Amino acid sequence: MPRISYYPVEGIEDPELRAILDHAARHGTPRPESQAIRAHVPATLRDFWAQWEHTFRNGVCDHAIKELCRVYVSRTVECLYCGNQRSTGGREQGLVERDYDELLEFESSDRYDERQKAALAYAQAIVWSPEGADDDLWERLHLHFSDEELVELGYFVGVTFGQQSWIRTLDIGHHEVLDESDEGLAPHELRARARG
Amino acid sequence: MTRRVDPVGAGDAIRARVPNVLRTYRSTRANVLEGGSVDPALKELCARFLAEDEEMAGLDETDAYDERERAALDWAQAIAWDPGLADDDLWERLHSNFTEPELVELGYYIAIVHGQLHWLRTLGVHPPREQLIAP
């Protein structure tokens, strides 16, 4: 049971909010349950849509890098609800499920290139040791990213880190709201559902 | 001397390198961080807690905060540092002191400020107290 009730989103008539919820139901990431919590306050639902649209789905930094950082954050802060979602945009940019397997051991993994590792190290610093972002880290980052990409990537990691830290206190789960599609769910979440 | 125009804070100066980032955050600031229905003083208290303001009274000081403030600060602590603290007792206190829309606005607020403070610290930016409500 969620700690805050799901807003009865089926009754929402505002076309902008309706479109945001329909997108969640059909495409996921975010899935409908977290949006149904935000729907209690239309300003937060609209705001999160704008954050996601401008700094995650689109923007100056490639989406696949941001998707890896999003799931790294999920794994490291243990937000299972968020970590069991996959961005369809990431898949279209070439990410496969195995790319998510070694995120917590990214520095020692040969699955990630130096650019991906630098981005993940940035995400790690934002979550766990912001004061420890030293010259070595910034040198790595500037080697692979423009200042604009670093601003957008860091801002986005801040947003997803904060949202996931909040969501993990809410005890929400998948298939509880507008359960129209499995789009955006991780394969192991789909297998668990199939097993009932 | 009469104030002319305030300079933007360091956070906004950095966000401005990507206009869509600054535009998005300024909308967040207006509509959720500084706007909304939750008392701005309560939001600022949570932001000071997240920023680890050493001038704040500790959560263990029993008379320092009223029930509503204490519930909000305990939730901020759970969100930022230990989700295990968000137990039945805390949720009972949260629902006793806030409506569900207020809880959504407050939780969303804490999430945004927590994330932005962490990111800004990696850049060596520590927003001054007067900017903490929307760093």
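Tell me which residues, restricted to region A:2-43, are of a type in the set (Lys, Arg), in a loop (DSSP other than H, G, I, E, B) and open to solvent by less than 30 Å² (accessible area, probe 1.4 Å).
A:31
The conditions are (1) charged (D, E, K, R); (2) open to solvent by less than 70 Å² (accessible area, probe 1.4 Å); (3) more than 9 Å from chain A (Cβ to nearest Cβ), and residue B:34 fails exactly one of them. Which is it?
(2)
For region A:60-94, enumerate the residues that are surrounded by 22 or more Cβ atoms within 10 Å (Cβ to Cβ), not in a helix (DSSP H, G or I) and not polar (S, T, N, Q).
If the condition is that a residue be surrounded by 22 or more Cβ atoms within 10 Å (Cβ to Cβ), not in a helix (DSSP H, G or I) and not polar (S, T, N, Q), then A:61, A:79, A:86 are the ones that fit.
Which of (1) part of a helix (DSSP H, G or I); (2) touching an Asp or Glu at 6+ places or on another chain (Cβ under 8 Å); (3) basic (Lys, Arg) does residue A:111 not meet, given it meets every other one?
(1)
Between a first residue in region A:35-60 that is β-branched (Val, Ile, Thr) and a second residue that is open to solvent by 30 Å² or more (accessible area, probe 1.4 Å) and part of a helix (DSSP H, G or I), which pairs have beta carbons less than 7 Å apart while being 6 or more apart in sequence or on different chains?
A:41/B:101; A:60/A:148; A:60/A:149
Cβ-Cβ distance below 7 Å, separation of 6 or more or different chains: which pairs start in region A:166-193 with a residue that is over 16 Å from residue A:24 (Cβ atoms) and end on one that is outside any loop (DSSP other than H, G, I, E, B) and open to solvent by 30 Å² or more (accessible area, probe 1.4 Å)?
Short answer, once both residue conditions are applied: A:168/B:83; A:169/B:83; A:187/A:97.
With A:137, A:153, A:178 as the choices, which residue is among the hydrophobic types (A, V, I, L, M, F, W, C) and touching a Pro at 6+ places or on another chain (Cβ under 9 Å)?
None of the other options fit; the residue is A:178.
Looking at B:104, B:113, which is the one that is in a helix (DSSP H, G or I), open to solvent by less than 30 Å² (accessible area, probe 1.4 Å) and more than 7 Å from chain A (Cβ to nearest Cβ)?
B:113
Which residues, taken from region A:125-146, are open to solvent by 40 Å² or more (accessible area, probe 1.4 Å), farther than 12 Å from residue B:123 by Cα and at the interface with chain B (Cβ under 10 Å from one of its Cβ atoms)?
Scanning region A:125-146 gives A:128, A:146.
Rundown of residues vs (1) over 16 Å from the mean Cα position of the chain (by Cα); (2) modelled with pLDDT of 95 or more, yes/no style:
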{"residue": "A:16", "(1), (2)": "yes, yes"}
{"residue": "A:31", "(1), (2)": "no, no"}
{"residue": "A:41", "(1), (2)": "yes, yes"}
{"residue": "A:48", "(1), (2)": "no, yes"}
{"residue": "A:55", "(1), (2)": "no, yes"}
{"residue": "A:61", "(1), (2)": "no, yes"}
{"residue": "A:68", "(1), (2)": "no, yes"}
{"residue": "A:71", "(1), (2)": "no, yes"}
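The values are calculated or read from the model by the stated rules, or taken from the named source; none is laboratory data. Quantities reported herein were computed from a predicted structural model and do not represent experimental measurements. Here the Cβ is made from the backbone with ideal geometry for all residues, glycine too, and neighbour counts use every protein chain on show. Ligands, DNA and RNA are excluded from the accessible area calculation, which covers all protein heavy atoms including side chains. Shrake-Rupley method; radii C 1.70, N 1.55, O 1.52, S 1.80 Å.
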